[in-house]
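One structure is given here, and the rest of the page talks about it.
The values are calculated or read from the model by the stated rules, or taken from the named source; none is laboratory data. Being a predicted model, the structure only gives us computed values, none of them experimental. Every residue, glycine among them, receives a Cβ derived from its backbone with ideal geometry; neighbour counts consider all protein chains shown.
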Amino acid sequence: MSFCIACGAAGQHLIPPGDNLPRLVCPRCGHIHYENPRMVVGCVAEWEGRILLCRRAIAPRLGYWTLPAGFMENGESAAAAARRETQEEAGALVRIDAPFAMVSIAHINQIHFFYRGQLTTPDYAAGEESLEVALFHPDTIPWDDLSFRSVRYCLEAYLRDKPQGRFGFHEHELPPLTG
Ligand code: ZN
């Protein structure tokens, strides 16, 4: 049973007039509760050729390494979200250079969007959601201990582009894990 967030009445799953998918509709006040994909935004931040990674202090994937990233807040731009997450999780200030990768993960209703940028200082410190933070030379990326497939995809694309001296924009769709 799901309840109306506007008035608390028990909602009904039905297709509203003019719509084409079932929504949670309130029979009392008429509120329609739309559920849409969520944006996770982060960045590949470099300092002198090394890449900033955080080891997660929270589930899911506690203890695994990730790029600084997190859910966007209402009222902020995507680039602001990437800067904020880098500051919150890694205690680091990043100058965003450009959009870099977008990964659709339809089965969990998320889009993971990564910028690339440069740290403005070599200072960093683990935030509340990180066990530790470190700069990794491309040869020492902990590939076996990465947190998410989107992070792996983004890092692989980044390290393919980097030696060529030019970065593209990379779009990818991740299917459900099988087996
Ligand atoms: Zn209602």
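Could you pull out the residue among A92, A80 that is within 25 Å of H172 (Cβ to Cβ) and either part of a loop (DSSP other than H, G, I, E, B) or at pLDDT 95 or above (or both)?
Result: A80 is the single residue among A92, A80 that is within 25 Å of H172 (Cβ to Cβ) and either part of a loop (DSSP other than H, G, I, E, B) or at pLDDT 95 or above (or both).
Output yes when any residue across segment 61-71 is over 25 Å from P138 (Cα atoms), assigned by TED's automatic domain parsing to the domain that holds P138 and free of Cβ contacts under 8 Å to residues at least 40 places away in the same chain, and no when none is.
Yes: segment 61-71 contains one or more residues that are over 25 Å from P138 (Cα atoms), assigned by TED's automatic domain parsing to the domain that holds P138 and free of Cβ contacts under 8 Å to residues at least 40 places away in the same chain.
Return only the number of the condition from (1) surrounded by 12 or more Cβ atoms within 10 Å (Cβ to Cβ); (2) not in a loop (DSSP other than H, G, I, E, B) that P163 does not satisfy.
So P163 meets the others, but not (1).
Mind checking which residues of segment 132-154 are among the hydroxyl-bearing types (S, T, Y) and more than 17 Å from the chain's Cα centre (by Cα)?
Hit for segment 132-154 is T140, nothing else.
For residues in segment 103-126 being touching a residue at least 60 places away in the same chain (Cβ under 8 Å) and in a loop (DSSP other than H, G, I, E, B), which is farthest from the chain's Cα centre (by Cα)?
Filtering segment 103-126 for residues that are touching a residue at least 60 places away in the same chain (Cβ under 8 Å) and in a loop (DSSP other than H, G, I, E, B), the one farthest from the chain's Cα centre (by Cα) comes out as P122.
Would you mention how many residues in segment 24-76 are buried (at least 17 other Cβ atoms within 10 Å of the Cβ), within 16 Å of the ligand (Cβ to nearest atom) and assigned to a strand (DSSP E or B)?
Adding up the residues that qualify gives 2.
Determine the pairs where a residue that is touching a residue at least 12 places away in the same chain (Cβ under 8 Å) and closer than 13 Å to L52 by Cα, located within segment 77-102, has a partner that is surrounded by fewer than 16 Cβ atoms within 10 Å (Cβ to Cβ) and of a type in the set (A, V, I, L, M) with Cβ atoms under 6 Å apart, the partner being 6 or more residues away or on another chain.
Here the result reads G91/A125, each pair linking segment 77-102 to a residue that is surrounded by fewer than 16 Cβ atoms within 10 Å (Cβ to Cβ) and of a type in the set (A, V, I, L, M).
Could you list, in sequence order, the residues of segment 2-13 that are more than 29 Å from the chain's Cα centre (by Cα), more than 8 Å from the ligand (Cβ to nearest atom) and either exposed (fewer than 13 other Cβ atoms within 10 Å of the Cβ) or in contact (Cβ under 8 Å) with a residue 24 or more places away in the chain (or both)?
Those that are more than 29 Å from the chain's Cα centre (by Cα), more than 8 Å from the ligand (Cβ to nearest atom) and either exposed (fewer than 13 other Cβ atoms within 10 Å of the Cβ) or in contact (Cβ under 8 Å) with a residue 24 or more places away in the chain (or both): A10, H13.
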